[in-house]
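A short write-up of the structure that comes next.
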Amino acid sequence: MTTHALPPPASLAPANGNHPTPTPAPGPSTRALHAGARRGHPHHSLTPPIVQSATYTFADTADLIGFMDERMFVETPTRQEYGRYGNPTVRGVEARLAALEGGKDAILVSSGMAAITTSLLLLLAPGDHVVMSADSYHRTRVFVQRFLHRYHITCTAVPPGDLAQIEAAIRPETRLILAETPTNPFLRCVDLAGLAAIARRRGLRTLIDSTFATPLNLRPLEYGIDLVVHSVTKYLAGHNDLLAGVIIGSGGLTAALREAQSLFGAVVDPGAAFQIGRGLQTLGLRVTRQNENGLAIARFLEQHPKVLRVWYPGLPSHPDHAIARQQMAGFGGVVSFEIAGDGPAAARFIDALRLPYIAASLGGVDSLIEQPAIMSYYDADPEARQALGIDDALVRFAIGIEETADLIADLTQALAAV
Ligand SMILES: Cc1ncc(COP(=O)(O)O)c(C=O)c1O
């Protein structure tokens, strides 16, 4: 397994001059705590204050003119003007997310879907074509296939991770390749270096939804991807208590994205940004535990006689295990599996569990479990559902930070009920 040796983020460089001996690249918890963090908050506060203001004042007209002059030449001005254009609490968290992902800038938005729709509306114009991985998040597919269709933007969905089919789907009017890695619910992984090489050769942009990976396990920008989005609602905020999204880029597009956000208006509240910042402080600990839980539970389920099949990229049986091992530092906390039985058998198993909650979402501290056939595809066309391989007995387990042994004990007793 590759452990990425991130060059130390700028914010971790020594603050007080040259150190003669190079320091080792910081580990996940150090990065999650210190990346992009600025010291010297007002009132000597250790934590960044919540600046709960919709607008910002100017001392006099000369002060305002000075700001307007600065804004014409500087992408990130030293002060704020109005809440939809920026907020110090939000900006602090954005700097941290950019540093964690290895990007130039990060734009926090009001949900993961807002990150996806803002990016797509900026990158695409009528007549354009998108190549999208077929098992992208359900709502992303609906947005691209139904909503963008109204603006004469077309799309070809290709099997996840298949670079040959991705390239074959490219047309003269293709502008963007949109993919997720790992995907939901089968945790398929795409070879990001290969994807970026195709895009470069064909003059296309690339957008990766990296929600399932987290920047601790995978950093797509390092492979030459243009933009990364996350549903911050999941691992990054980590406590199932807020909705947010982020768009992170290595340059070029970030100023245009910021402008698009100020036009679309999908901003994040400063209070939510503060909670995201607090969530990020334990990201390293949480994701490390979730990686460990994910692998241990996938291995446990794979040898259990009442489980037909398990999808987890950390298992050698997963179709994308080789590329996952190569590009990921850990495989995350989501495990999908098929119960040996029908839909009602899977429901009996889920209902017998004592620890996980039955709920949508993933990546938070609490374990959540669901049958995708019911939670995400209840009203879907059965044929379309079958084509995506969503069997009635499929279970998606979004593992939290509980002790591994407790989760395995709970799974053991619930599987006995099948
Ligand atoms: C992979 C992925 N992307 C995007 C989203 C949308 O995020 P949000 O619910 O924060 O809008 C989700 C939500 O489940 C998701 O799983």
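The values are calculated or read from the model by the stated rules, or taken from the named source; none is laboratory data. Predicted model only: the values in this text are computed from it and were never measured. Every residue, glycine among them, receives a Cβ derived from its backbone with ideal geometry; neighbour counts consider all protein chains shown.
Quick notes on this structure:
- The lone criterion from (1) in contact with an Asp or Glu (Cβ under 7 Å, 6 or more places away or on another chain); (2) more than 16 Å from the ligand (Cβ to nearest atom); (3) within 14 Å of R91 (Cα to Cα) left unmet by G249 is number (3).
- Selection within region 174-210 - closer than 16 Å to Q327 by Cβ and within 14 Å of the ligand (Cβ to nearest atom): A179, E180, T181, P182, T183, L187, R188, C189, V190, I208, D209, S210
- Region 326-358, residues that are crowded, with 16+ Cβ neighbours inside 10 Å, assigned to a strand (DSSP E or B) and of a type in the set (A, V, I, L, M): V334, V335, I339
- Test for Q80: is it without any contact (Cβ under 8 Å) to a residue 60 or more places away in the chain and part of a loop (DSSP other than H, G, I, E, B): yes
- Among the residues examined, S111 qualifies as assigned by TED's automatic domain parsing to the domain that holds L236, in contact (Cβ under 8 Å) with a residue 60 or more places away in the chain and within 16 Å of the ligand (Cβ to nearest atom).
- Considering residues of region 117-138 that are farther than 15 Å from A199 by Cβ and modelled with pLDDT under 95 only, the residue farthest from the ligand (Cβ to nearest atom): A134
- Boolean, R39 is part of a helix (DSSP H, G or I), surrounded by fewer than 17 Cβ atoms within 10 Å (Cβ to Cβ) and at pLDDT below 90: no
- Residue that is nearest to the chain's Cα centre (by Cα) [pool: residues in region 140-154 that are surrounded by fewer than 15 Cβ atoms within 10 Å (Cβ to Cβ) and either among the basic types (K, R) or more than 15 Å from the ligand (Cβ to nearest atom) (or both)]: R146
- Condition met for R200 (exposed (fewer than 15 other Cβ atoms within 10 Å of the Cβ) and free of Cβ contacts under 8 Å to residues at least 40 places away in the same chain): yes
- Residue ID - farthest from the ligand (Cβ to nearest atom), chosen from residues in region 361-382 that are modelled with pLDDT under 95 and assigned to a loop (DSSP other than H, G, I, E, B): D381
- So G86, is it on the phi > 0 side of the Ramachandran plot and either surrounded by 13 or more Cβ atoms within 10 Å (Cβ to Cβ) or modelled with pLDDT of 85 or more (or both): yes
- Some residue of region 283-305 being within 16 Å of the chain's Cα centre (by Cα), aliphatic (A, V, I, L, M) and on the phi < 0 side of the Ramachandran plot: yes
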